[in-house]
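Since every read-out is calculated from the coordinates, none of them should be taken as a lab result. Since we're looking at a predicted model, the values are computed, not measured. Methodologically, a virtual Cβ is constructed for each residue, glycine included, from the backbone with ideal geometry; neighbour enumeration extends over all protein chains shown.
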Amino acid sequence: MANLPEHLDLHLIRILYMLLCEKNVSRVALKLNQPQPSISASLRKLRELTGDPLLVRGARGMIPTQHGESLLKPAKRILDETERLFVRKLPFVAQDEARTFQIAAPDYLDCQFLPTVVARIRRESPKSRVVIHGLGPEVDYARLLSDGELDLVIANWNEPPQHLHLSKLFEDPVVCIMRADCPYAKRTASDAMTVEDYLALPHIAPSPFLRGYQGLVEPYLERHNLRRNVLVESAYFNLLPYMLTQTDLVLTTGAQFMRFYEKILPLKSFTPPLKFPPIRYYQLWHERVHQAAEHKWLRDLVTSATQMLVAS
């Protein structure tokens, strides 16, 4: 490979391209509003760099050499690519764009949340695709966000990675849920649940969602030297409400998640006797898409869909 100058002047490439097109030093000088001696000096430098005359005299004026002609397309390509490199980003026009959005979310969100997000995307950007990914202990979501395999993660664990951007979505108060006609639900129809009641009841709990993440309830109880009676653990979070309908088990979870199931299943909710902090949901994304117009649009859409659900 021939030795290239350490700092190749883009303006010199532009002069090369124009000389090969115009075949006239004076016309190039006029178009670039530069003195003719300056363009002649650039031609000498180009000849020195390429080891070729580039332009020679022909029957009707200057003509490119064979090597000069071979440089025309590469010079044009460099100029075009450079122009695209620094063109200002255009706004994202959702109705016209065809993008693919990769969203990861746990299955314990409000069952209307993701359907609402998908419906909004379909309505506002009908040419775009949506890929919904699950989350679990084996998923390195931080790496997937960094590598571009995920665009957005909906989450609620306590300490997300500091290097990710975060936007709060909503807070979900914690409630206890059980079958409406189970013995305890009948017995406490008019009485508040005590701490002793809560700890002694047979509990069902979701399996750890992420490696090393215990959720919200267990860490709170441990800090207060308390232990509840967990008899069933399940990785299938959306089946938990249905398990309640056939057992005497109690589930501690977010009110927003249970709102739908309370309408369709014979369940009853109680305010827990312990002051569990609310479940805080947020969306996470990487710096690589922080300024991208289409991703800003997506995050705004998710925020809007969340506010609509919480208000309904």
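Here are some notes:
- In the chain, a dipole from Cβ-located charges (positive for Lys and Arg, negative for Asp and Glu) runs towards its positive end, and of 12, 157, 192 it is 12 whose Cα lies farthest in that direction.
- Stokes-Einstein diffusion coefficient of the chain, Kirkwood radius over Cα pairs, 20 °C, 1.002 mPa s, in µm²/s: 86
- Selected from 90, 46, 114 as most flexible by GNM, with the chain as the system and alpha-carbon contacts under 10 Å: 46
- Highest-fluctuation residue, 121, 63, 154 considered, GNM on the chain with Cα pairs under 10 Å: 63
- On Cα atoms only, tilt of 293-311 relative to the major axis of the chain in degrees: 20
- Look at where the Cα atoms of segment 191-207 and of segment 105-161 average out, and the two centres are 32 Å apart.
- On Cα atoms only, tilt of 36-50 relative to the major axis of the chain in degrees: 70
- Chymotrypsin sites (Phe, Trp or Tyr not before Pro) within segment 10-99: DSSP coil, no more than 14 neighbouring Cβ in 10 Å: 86
- Residues whose amide H comes within less than 5 Å of that of residue 267, counting only those at least five positions distant or on another chain, are 180 (H built at 1.01 Å from N in the peptide plane).
- Among 268, 296, 45, the residue with the largest mean-square fluctuation in a Gaussian network model of the chain, with springs joining Cα atoms closer than 10 Å, is 45.
- Pairs of lysines in the chain whose Cα atoms sit within less than 22 Å of one another amount to 16, provided the residues are eight or more positions apart or on different chains.
- Farthest positive-ward along the chain dipole, Cα basis, beta-carbon charges - from 266, 111, 38: 38
- DSSP beta bridges confined to the chain are antiparallel in about 60 percent of cases.
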